[in-house]
1. Given the options 439, 475, name the one that is modelled with pLDDT under 95, under 23 Å from the mean Cα position of the chain (by Cα) and assigned to a loop (DSSP other than H, G, I, E, B).
2. Report every pair of residues separated by at least 6 positions or lying on different chains whose Cβ atoms are under 9 Å apart, first residue within segment 396-423 and of a type in the set (Asp, Glu), second in a strand (DSSP E or B).
3. Identify all residues within segment 173-219 that are in contact with a Phe, Trp or Tyr (Cβ under 8 Å, 6 or more places away or on another chain) and over 21 Å from residue 354 (Cβ atoms); write none if there are none.
4. For segment 152-160, check the following and say yes or no: at least one residue is within 17 Å of residue 340 (Cβ to Cβ) and in contact with a strand residue (DSSP E or B) (Cβ under 9 Å, 6 or more places away or on another chain).
5. Give the number of residues within segment 319-341 that are within 12 Å of residue 198 (Cα to Cα) and within 24 Å of the chain's Cα centre (by Cα).
6. Show the residue pairs meeting these rules: Cβ distance below 6 Å; 6+ apart or different chains; first residue within segment 350-375 and touching a residue at least 40 places away in the same chain (Cβ under 8 Å); second residue of a type in the set (Lys, Arg).
7. Would you point out which residue out of 304, 321 is touching an Asp or Glu at 6+ places or on another chain (Cβ under 8 Å) and under 19 Å from residue 163 (Cα atoms)?
8. Does at least one position in segment 187-203 carry a residue that is in the same structural domain as residue 337 (by TED's automatic domain parsing) and in contact with a Pro (Cβ under 9 Å, 6 or more places away or on another chain)?
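The values are calculated or read from the model by the stated rules, or taken from the named source; none is laboratory data. Since the structure is predicted, the reported quantities are computational estimates derived from the model, not experimental observations. All Cβ positions, even for glycine, are placed from backbone atoms using ideal geometry, and neighbour counts span all protein chains on display.
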Amino acid sequence: MIKLLLHHDLFLSALRGDQRCETAIHHALKERRILPWALGDLIQRLSFAGATQNEIESLTKNLALIPLNARLSGEALALGGNFDQALYQKAGEAFKCRFFVSLKGSKLGSLEGMTTDALMDWKEPLPDKVEFLNLTYPIHAVFNQVDGWHMEIIQNTAFAGGKHVAAFEKAFAEYSGTGYAVGVGSGTEALLFSLLAMGIGPGDEVITQPNTFIATTEAIRQAGATVVFADVSRGTWNLDPVAVEKKITAQTKAILPVHLYGQPAELEPLLALCEKHHLELLEDACQAHGARYQGKKVGSWGRAAAFSLYPGKNLGAYGEAGVVTTNDEALAAKIRMIREHGQAQKYYHDIEGYNGRMDNLQAAAVQAKLPHLEGWNNERRQAATWYKELLSGLTEVELPEVAEGAEPVWHLFVIHVPDAQKLHEYLKTQGVFTGFHYPKALHLQKAYEFMGLKEGSFPNAEYNASHLLSLPMFPELGKPEVEKVAREIRQFFA
């Protein structure tokens with residue numbers, strides 16, 4: 001990712017009607033490969049310059065605000081020479097920026113068709129450290145909008161439910177290609193409430209996979225149903241339709257595939273099994289916001305789909321939240337009742353339910369983030385492409401496969417190696433931080449000892465769990481960071 005530092009003078013001049021500034025800002029925002037960042041205490045300076053609140057919001061709504069702190073100023077002073085030049089250099093090192101734009105004493109020039117001025121270009125070195133996850137970047141993009149909405153919500157004390165929940169539900173349904181979306185308190189509740197609304201409970205069996213987070217199976221058991229595991233396909237690590245069919249019995253009521261790591265499951269054959277055996281299909285799409293299968297968004301294939309909006313997800317709130325998508329109006333209405341203590345209207349309860357609403361503060365956060373999701377997913381896809389290019393040919397590393405017709409969103413980029421723990425420890429010493437998702441298959445966990453399943457029951461799921469390593473993956477992960485990760489992995493095996 002190439003970033004652009006826009007000096008605050010550019011914005012001040014733009015407020016005063018300098019056409020050159022408006023041109024530079026326009027091109028900076030339009031260029032897809034360039035993310036604009038505002039350098040300095042921009043809002044304060046705009047305010048001092050006499051800008052109105054609407055003008056400030058208009059100019060900063062798409063920009064992240066990076067404070068020019070004392071540390072950067074001190075480092076720039078220590079370099080000596082031209083302070084502005086030194087400051088740009090230190091800011092570039094801190095924020096990994098390659099291009100800088102300012103109006104100070106310069107005229108507009110051009111580079112690669114982008115109108116700009118005072119350009120300084122430098123080659124970006126490989127970083128010393130690569131974090132596993134960076135949650136600040138998505139916050140930067142929506143900071144001003146969410147801050148304004150949150151202040152409005154707080155001033156109006158409109159916390160439980162509210163207009164932002166309704167607005168997000170409408171927008172997410174449209175984004176997912178479904179008729180309805182219902183906001184709830186978490187991804188786990190999205191799964192549970194969907195099962196309950198489908199009438200799945202005691203005596204019913206639900207087939208899913210053992211290499212997933214426990215929330216998938218918690219929801220099944222908390223609905224009162226029985227978990228039935230089937231093995232997964234090697235390479236994609238998603239539910240194997242052939243293995244699923246062998247597990248179907250007279251008690252089977254639903255198939256629950258997980259779009260693991262943001263990779264769509266094989267939905268067409270699974271849906272065919274559901275139609276053949278009169279079963280429900282519930283998608284666990286908690287890691288797959290925006291993924292497509294055969295050109296159609298996940299979340300729109302089954303009777304319903306559950307999405308987590310936990311902060312680390314591709315679309316994350318500022319706390320716990322989740323959402324259910326469905327094309328079934330009656331099912332959506334039932335889930336709304338379940339999330340609000342079974343109320344058809346306030347204090348009139350048709351059934352027993354749960355306290356499982358999405359709150360207005362979380363809805364405002366994801367409502368603001370949703371228009372950015374496609375761009376963030378594309379950045380993840382670019383990072384995945386770099387990983388595959390830079391790690392290809394390394395015989396010790398098994399790269400993830402993509403199923404035919406699938407368009408992943410790479411919530412995680414997971415490789416498989418002979419000794420994941422040793423590689424994890426080595427990379428940590430080199431400043432590369434990795435994770436394990438998930439290092440022990442569910443059927444071998446203490447929580448499911450009662451099922452009597454042993455090692456060897458599901459070979460592919462067990463291999464996945466014992467050999468996986470999750471590499472750094474988040475929007476804005478640049479090629480230098482990916483190169484650093486790949487270089488250290490190659491060094492380890494060398």
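1. Details: 439 fails: modelled with pLDDT under 95.
On inspection, the qualifying residue turns out to be 475.
2. What qualifies is 398/415; 398/416; 407/292; 407/293.
3. Answer for segment 173-219, where residues must be in contact with a Phe, Trp or Tyr (Cβ under 8 Å, 6 or more places away or on another chain) and over 21 Å from residue 354 (Cβ atoms): 173, 207, 208, 209, 210, 211, 212.
4. Initial filter on segment 152-160 (within 17 Å of residue 340 (Cβ to Cβ)): 158-160.
Then keep just the ones that are in contact with a strand residue (DSSP E or B) (Cβ under 9 Å, 6 or more places away or on another chain); that gives 159-160.
Checked against the condition, which is being within 17 Å of residue 340 (Cβ to Cβ) and in contact with a strand residue (DSSP E or B) (Cβ under 9 Å, 6 or more places away or on another chain), segment 152-160 yields at least one hit.
5. Of the residues in that region, 1 qualify.
6. 356/339; 357/339
7. Working: 304 fails: under 19 Å from residue 163 (Cα atoms).
Going through 304, 321 in turn, just one is touching an Asp or Glu at 6+ places or on another chain (Cβ under 8 Å) and under 19 Å from residue 163 (Cα atoms): 321.
8. At the first step, the residues of segment 187-203 found to be in the same structural domain as residue 337 (by TED's automatic domain parsing) are 187-203.
From what's left, in contact with a Pro (Cβ under 9 Å, 6 or more places away or on another chain): none.
No, segment 187-203 contains no residue that is in the same structural domain as residue 337 (by TED's automatic domain parsing) and in contact with a Pro (Cβ under 9 Å, 6 or more places away or on another chain).
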